[in-house]
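Worksheet: the structure to be examined is printed underneath.
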Amino acid sequence: MKTLYVTDLDGTLLNRQDRISQKSLDIINKLVGKGMTFTYATARSLVSASVVTKGLSANIPVVSYNGAFIINPSTDEILLSSKFSKEDTEKVITVLQKYDISPLVYAYVDNEEKVSWLTSRENDGIKRYLSLRKNDRRLRPLSNSTQLYMGDMFYFTCIGEKEELLPIYEIFSKDERFRCTIQQELYRPEYWCDIMPAKATKAEAIKKLKEIMGCERVVSFGDAINDIPMFELSDECYAVENAVDELKALATGVIGSNEEDGVAEWLRDNVTI
């Protein structure tokens, strides 16, 4: 049966330097060259993911923004998208303003993908996010809050201390119109709270991609709580050694860590082309 192999990036395929090791690149590219159907599903945008996956032969569409989009990386064609309705957008804005949270706002503004934020509200977490995305064409710094919530919005990221983010997580995680996650940033003290449309999950996107590629099975790899829907959909799912306990509990098995080329070594030892 034709199998779709899907991996998360940060903390799973990427090492602590936010890169794919040469060993992993060599193993995966060799298998892709022989016909393995392989892609990634990430919370990153295609722009950000393309930087950290340089050299990887992912020749099929990829899943970005935790499932909000399926995109063909060679053409930038969007095959699937999930955006907020006008009413849902207003709900998010109202809650964020009530709790004085200034988010990163992902939207299409004048038909261009943009990440907007208030320069006056940059904390250490946002500054680090920006430092890793220099020359990113999506960046839209603002000094005026009246322009923050513009365009077709599809994703909000709030970065800060856990205690200040928990109230908004409690609200949106209980509202069936939304999908909301909160987790500590890899190798960092701050927390990220992401707010998405309910259908924006890796599972929904992978289910669609499975149909597009004519696959019968899904094997996935991950490390964090945002990978749980993907694991629940998969026929087999493997957590890297550094994964959170909640994901390990759902996994078919636990493999080597992201520092030990765990995904690539599992593929090398188990994929038969």
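Applying a threshold of 8 Å to beta carbon distances and a minimum spacing of six or more residues, or different chains, the list of pairs starting in the stretch 82-93 at a residue that is buried (at least 18 other Cβ atoms within 10 Å of the Cβ) and ending at one that is at pLDDT 95 or above and part of a helix (DSSP H, G or I) reads PHE84/VAL92; VAL92/PHE172.
Filtering the stretch 157-185 to residues that are over 17 Å from ASP100 (Cα atoms), open to solvent by 40 Å² or more (accessible area, probe 1.4 Å) and either among the charged types (D, E, K, R) or over 13 Å from the mean Cα position of the chain (by Cα) (or both) leaves SER173, LYS174, GLU176, ARG177, GLN184, GLU185.
Could you pull out the residue among VAL271, VAL240 that is within 26 Å of ARG128 (Cβ to Cβ) and touching a residue at least 24 places away in the same chain (Cβ under 8 Å)? Can you show your working first?
Numbers: VAL271 fails: within 26 Å of ARG128 (Cβ to Cβ).
Exactly one of VAL271, VAL240 is within 26 Å of ARG128 (Cβ to Cβ) and touching a residue at least 24 places away in the same chain (Cβ under 8 Å), namely VAL240.
For the stretch 52-61, indicate whether the set of residues that are out of contact with any helix residue (DSSP H, G or I) (no Cβ under 8 Å at 6 or more places or on another chain), open to solvent by less than 60 Å² (accessible area, probe 1.4 Å) and under 17 Å from LYS202 (Cα atoms) is non-empty. I'd like the intermediate steps shown before the answer.
Taking the stretch 52-61 first, the residues out of contact with any helix residue (DSSP H, G or I) (no Cβ under 8 Å at 6 or more places or on another chain) are 54.
Cutting the leftovers down to open to solvent by less than 60 Å² (accessible area, probe 1.4 Å) gives us none.
For the stretch 52-61, residues out of contact with any helix residue (DSSP H, G or I) (no Cβ under 8 Å at 6 or more places or on another chain), open to solvent by less than 60 Å² (accessible area, probe 1.4 Å) and under 17 Å from LYS202 (Cα atoms): absent.
Of all residues in the stretch 232-246, those that are surrounded by 24 or more Cβ atoms within 10 Å (Cβ to Cβ) and closer than 25 Å to THR157 by Cβ total 3. Of everything in the stretch 115-142 that is hydroxyl-bearing (Ser, Thr, Tyr) and modelled with pLDDT under 95, the residue that is nearest to GLN184 (Cα to Cα) is TYR129. Only a single item in (1) surrounded by fewer than 14 Cβ atoms within 10 Å (Cβ to Cβ); (2) in contact (Cβ under 8 Å) with a residue 24 or more places away in the chain is not met by SER131, and it is number (2).
The values are calculated or read from the model by the stated rules, or taken from the named source; none is laboratory data. What you see is a predicted model; the values in this text were computed from it and never measured. We place every Cβ from the backbone using ideal geometry, glycine too, and count neighbours over all the protein chains shown. Just the protein is used for accessible areas: all its heavy atoms, side chains included, with ligands, DNA and RNA removed. Shrake-Rupley method; radii C 1.70, N 1.55, O 1.52, S 1.80 Å.
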